[in-house]
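Just below is one structure, and these are the notes that go with it.
Where a number appears in this text, it was derived from the coordinates with a stated rule and is not lab data. Only a predicted model underlies this, so the values are computations on that prediction, with no experimental measurement involved. Using ideal geometry, Cβ is built from the backbone for each residue, glycine included, and neighbour counts are taken over all protein chains shown.
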Amino acid sequence: MLKTFVVEDDPEQLATLKQIITNHIMINDFDMGLTLATSRAQDILDYLQTNPAVEGLYFLDIEYTGQALNGLELATKIRELDVNAKIVFVSTHSEMAFLTFERRIEPLDFVVKDLGQDTVKAKVEKDIRVAYERYTKQGVVSKAMFSYSKGGQLFNLPLDQVLFIETGTSRNKLVLHLTERIVQYNGKISDETVAHPELFRVHKSFLVNPQKLVRVDKQNQLGYFENGESVDIAIRKMHDLLALIKKSQLSVELS
Amino acid sequence: MALFLTGLYMLYDDYSDIETFIVNLGLLWFVRNKKYFIVTSLTATLAYILFSFFGNLATETIFHMFNWGLDQWSGWLFEVVGESVVTACMLAVAISFRLIHKRHPQQFADEVMLNVIVSALAVVAIAFFAITTAADNYNIGSGFLGILMIILVAILMINGGTFIYLFYSYTMRVQAQRQALERHQYDIYVKNLEKSYQNLRKFRHDYQNILLSLGEYIHEDDNQELKQYFDQVVNRSQQSLTRDFGHFDNLEQIKDKSLKAIIQNKFSIARQAGIQVRLEANDAVGQLAIDPVTLARCSGILLDNAIDAVKGQSGGQIAVAVVKYPKMVELIFSNSLRAPIERLDELMVAGNTSKGQGHGQGLATVRELLDPLDNVTYEIAARQRFEFVISIESE
């Protein structure tokens, strides 16, 4: 069962949210339940400390007047206790810090209260469906994850976004190329090669995700990705790479 | 003036001839601005007097060195050499005057400075004529006169220099004091503004929540007219509440002065261009572990790029977030995009500007500035919006 949680310090709004959620679960006959709907942020943490491995869906307001925690701190703690938590922030537009929350919490969605009750209802219902869909598919495709750290902070992302890692222009800096993002971080390519066996070292300065290669140019020793970026492939690695492509039956065009 | 002064001096000078006129008047060619006329003509006359005096000495020395007898040449060679030495000196004065004028135009535009120079020159000129007249009347030797002249000029120069120095240091001190006072008052003003802004925000938060819970009650009720009226009120107040608040939100959380100044400045430029801006800073952030000049340059470039990119968009948005972690602070600069960016890696290469998107400019510079720093890394992303993240680890 997918457990759902609500934290909202305004009693009327809490009642409305509760009603939307229970109604939508009932109508669709989802294997879900509203486990806890509270106005106190601490209640959620108490629950998570006694019940591990929840993987729940959380609807959180951002400012709780007179409480020690705010929405961001609560969400950070929830992430620590429940790594796969699906978090939805429900608040007024002026309280939302979209960039900050996205960076720190990676929430499922933002629901802006001031857009009117109908919009809020529609968005909450959609988030329930999305979360439920992910919950039911979780067993089928367990998503491989990739992580890098910066300033003592761990950033996680799905492995299928990773294209390749490249040595940077200055010492001890690596450049991670993702499908829609380029990340510079501190590290050594030899350490990363050991830490991520799912990636393949094609060159002394390139570590590649072979799943994401779309074309290998054998003549010029280049590997291409979907967005047009390319990496050099060392001669002595070419053979191993081709063998790997054949073994894993990857759909890579050869030329 | 130059004519008059030269003429006056020629009454006392045995060697003067038509050439003196030509040289002196030739100097006028250098004077295009009437304001400098008095300065130049006085300088020219005095320089002529000095140089012809020392020119005679120099010419005599030259003659003596080559063992030429004065009487042998019946004076005409003496005249030629003497005049050419004087002319060269005069030209040197005139040209250096032009050069100084070109190099330091500000000093020449300064009325006080001009007046000081003019009075100094006038005093020297009058003193010289008075002394020569006196010397002629009482039959004092010209060598003694020369020494008197030099001492007089030296005293005047020292006096003038001291006066100018004192005057400038005084004005400078007054100016610094005034600036410090202004800065202090500005700080107080900003602090007050921030405080009242915080109060306003608290009020807005309460007001919105009251409206929302009121809404819950009204929607449970059956009164259709009340519902309609309430929705209207909420709509209108919602618009005015969210629209015009962006520019000063959370600024008080940023304690790093250079970062604060640049965000404030660029945000006000963006707002003038009709761009929506937003600053997110959930926690107070103090001094960052990065050179303030580097930080100011980078954030300036990134915000300028963002403004350029958003300018043409309808409903364009710029947002800056300052995110605090236990051992790191991240600055996120983002803006909405008109069209997705395909090749992020190409944006960072120098000379690769993608005009229209407006992001290429300066990104290479940002990279050059940040690359050598051990505790700083960056990220660049373009999903629904463009995003540049600077991660600064505390050392």
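Just a few scattered comments:
- Neighbour counting of Cβ atoms within 10 Å sorts the residues B:Met157, A:Met96, fewest neighbours leading, into B:Met157, A:Met96.
- Summing charges over all other residues whose Cβ lies under 14 Å from the Cβ of B:Lys255, with Lys and Arg as +1 and Asp and Glu as -1, gives -1.
- A:Thr16, A:Thr4, A:Thr50 arranged by Cβ crowding within 10 Å, fewest neighbours leading: A:Thr50, A:Thr16, A:Thr4
- Based on DSSP H segments of at least four residues, each scored -39500 (n - 2.57), chain A has a per-residue ellipticity at 222 nm of -11000 deg cm²/dmol.
- Look at the Cα gyration tensor of the stretch B:99-210: its axes a ≥ b ≥ c give a/c of at least 1.5 with a/b over b/c, and that counts as prolate.
- In terms of its C-alpha gyration tensor, the stretch A:160-229 comes out prolate, because a/c is 1.5 or above and the ratio a/b outweighs b/c.
- Shape category assigned to the stretch B:246-393 from the gyration tensor of Cα positions, a/c cut at 1.5: oblate
- For the stretch A:197-255, GluC sites (Glu not before Pro) meeting the loop criterion (DSSP other than H, G, I, E, B) and having at most 12 other Cβ atoms within 10 Å: A:Glu198, A:Glu226.
- Going by neighbour counts of Cβ atoms within 10 Å, the residues B:Arg178, A:Arg236 line up, fewest first, as A:Arg236, B:Arg178.
- The local environment of A:Leu163, defined by Cβ-Cβ distances under 9 Å, has a net charge of -1 under the rule Lys, Arg +1 and Asp, Glu -1.
- Above-threshold pairs, the threshold being 18 Å between Cα atoms, out of A:Lys150/B:Lys327; B:Lys202/B:Lys257; A:Lys86/A:Lys137: B:Lys202/B:Lys257
- Near A:Gly56: Cβ cut-off under 10 Å, other residues only, Lys/Arg at +1 and Asp/Glu at -1. The net charge is 0.
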